[in-house]
1. Wholly within the stretch 20-116, which strands (runs of 3 or more DSSP E) include no fewer than the required count, namely at least 1 residues that are at pLDDT 95 or above and at positive phi?
2. Got at least one residue in the stretch 103-121 being in the same structural domain as Ala13 (by TED's automatic domain parsing) and under 20 Å from Arg167 (Cα atoms)?
3. Quickly run through the stretch 279-308 and pick out the residues that are among the β-branched types (Val, Ile, Thr) and out of contact with any Phe, Trp or Tyr (no Cβ under 6 Å at 6 or more places or on another chain).
4. Test each condition in (1) out of contact with any Leu (no Cβ under 6 Å at 6 or more places or on another chain); (2) assigned by TED's automatic domain parsing to the domain that holds His229 for Ala150 and report the one that comes out false.
5. Mind telling me which of the residues Ala170, Ala135, Ala174 ends up being over 26 Å from Glu29 (Cα atoms), in a helix (DSSP H, G or I) and free of Cβ contacts under 8 Å to residues at least 40 places away in the same chain?
6. Going by the structure shown, is Ala68 surrounded by 15 or more Cβ atoms within 10 Å (Cβ to Cβ) and of a type in the set (A, V, I, L, M)?
7. Of everything in the stretch 104-160 that's aromatic (Phe, Trp, Tyr) and over 30 Å from Tyr256 (Cβ atoms), which residue is surrounded by the most Cβ atoms within 10 Å (Cβ to Cβ)?
8. Evaluate the following for Ala150: is it farther than 21 Å from Val297 by Cα, out of contact with any helix residue (DSSP H, G or I) (no Cβ under 9 Å at 6 or more places or on another chain), assigned to a loop (DSSP other than H, G, I, E, B) and not β-branched (Val, Ile, Thr)?
Amino acid sequence: MLPEDGRRIYREAFALAEQQIRIEICVLEDPKILAGLRDALDRGVRVRAIVDRGKYEALEPERQNLAAEFVAAGGELHLSNPIFPRSFPKTILIDSKLLVYGSACLDSTTFAQYRDFALSSTDPTVLRTIRRLFANDWAYSAPVGQEPPAFNPTPPVEPPELLIAPRNAASGMADLYQQAERRLDVYTEELGNAALESELVAAVARGVIVRLITPVQVNGASEEQNRQHTASIQALSAAGVRVRTSGPLESFDAPYMHARAARVDGRLAYVGSISLSPDSATLNREMGLIEDDPTIVAQLGRQFVKDFRRLTPAA
């Protein structure tokens, strides 16, 4: 649970690495995270990272920190293929034995004032697919200053609970929402995907209590994106979705709602990078996983209730 739990899950994962760390992430900027990767490099671990091209080009602190604290220490850096409007899968593969994933970017703001979730998996089928995905995306991305290939395919995805955009994320998220019979709780940073929003409205129509947590405005989004976001909040509220928003002020104690997660009937939980934004499930490179682990489902439910109770009902 971020920001409360800080960097612990990441630093502990880096310390377990014996041979290699493979990262596919939106932003890799936080100095303390980079220090953990330098420790791994000093032990002889190979560390490779694919970061989102657009974010890298827009964020000078990331460019500076990666050059000084990662590449200079022996880390290998690629920028994502621009075929994806955003490359945000947020996956960290430790050797071939542990996956850390979730909704968190690895920048300083995340650990200061963003609500995010990070989990780990040792499922061998999931690990195999993520390993294959990273190898694929590494081959179709490029080092800084070099031209990437013209295309970037997506390898087969298994198990079905693993969602990789743009391969199976839209259908997987829709299938998850359609399973709700009593209650559907959703976190999303951004709205605007009419097809997935329709699934929330359809759930309300069949008698499901649908609650949604989202920011009142999306950080870093364009004026047009925020107009669409506001319009979606209004339309969903009018259709019976119980929407609550964070912001505009944000802090460690009142974090910005960056999480992408869902809880279905107290028996299924989704956590990942896939949101209800227009491009996330259909055009971006993203990743999420649906779990039925009772501990994860219960933890997510408790946190959702805490956040929902303190946030502002949408007007």
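1. 98-102
2. For the stretch 103-121, residues in the same structural domain as Ala13 (by TED's automatic domain parsing) and under 20 Å from Arg167 (Cα atoms): present.
3. Here is the first cut: in the stretch 279-308, the ones among the β-branched types (Val, Ile, Thr) are 282, 290, 295-297, 305.
Passing the criteria: Thr282, Thr295, Ile296, Val297, Val305.
4. (2)
5. On the way: Ala170 fails: free of Cβ contacts under 8 Å to residues at least 40 places away in the same chain; Ala135 fails: over 26 Å from Glu29 (Cα atoms).
Only one candidate qualifies: Ala174.
6. The answer is no for Ala68.
7. Filtering first and then ranking leaves Tyr140.
8. For Ala150, the condition - farther than 21 Å from Val297 by Cα, out of contact with any helix residue (DSSP H, G or I) (no Cβ under 9 Å at 6 or more places or on another chain), assigned to a loop (DSSP other than H, G, I, E, B) and not β-branched (Val, Ile, Thr) - is met.
The values are calculated or read from the model by the stated rules, or taken from the named source; none is laboratory data. In this text the structure is predicted, and so the values were computed from the model without any measurement. When we count neighbours, we look across all protein chains shown, and the Cβ atoms used for this are built from the backbone with ideal geometry, even at glycine.
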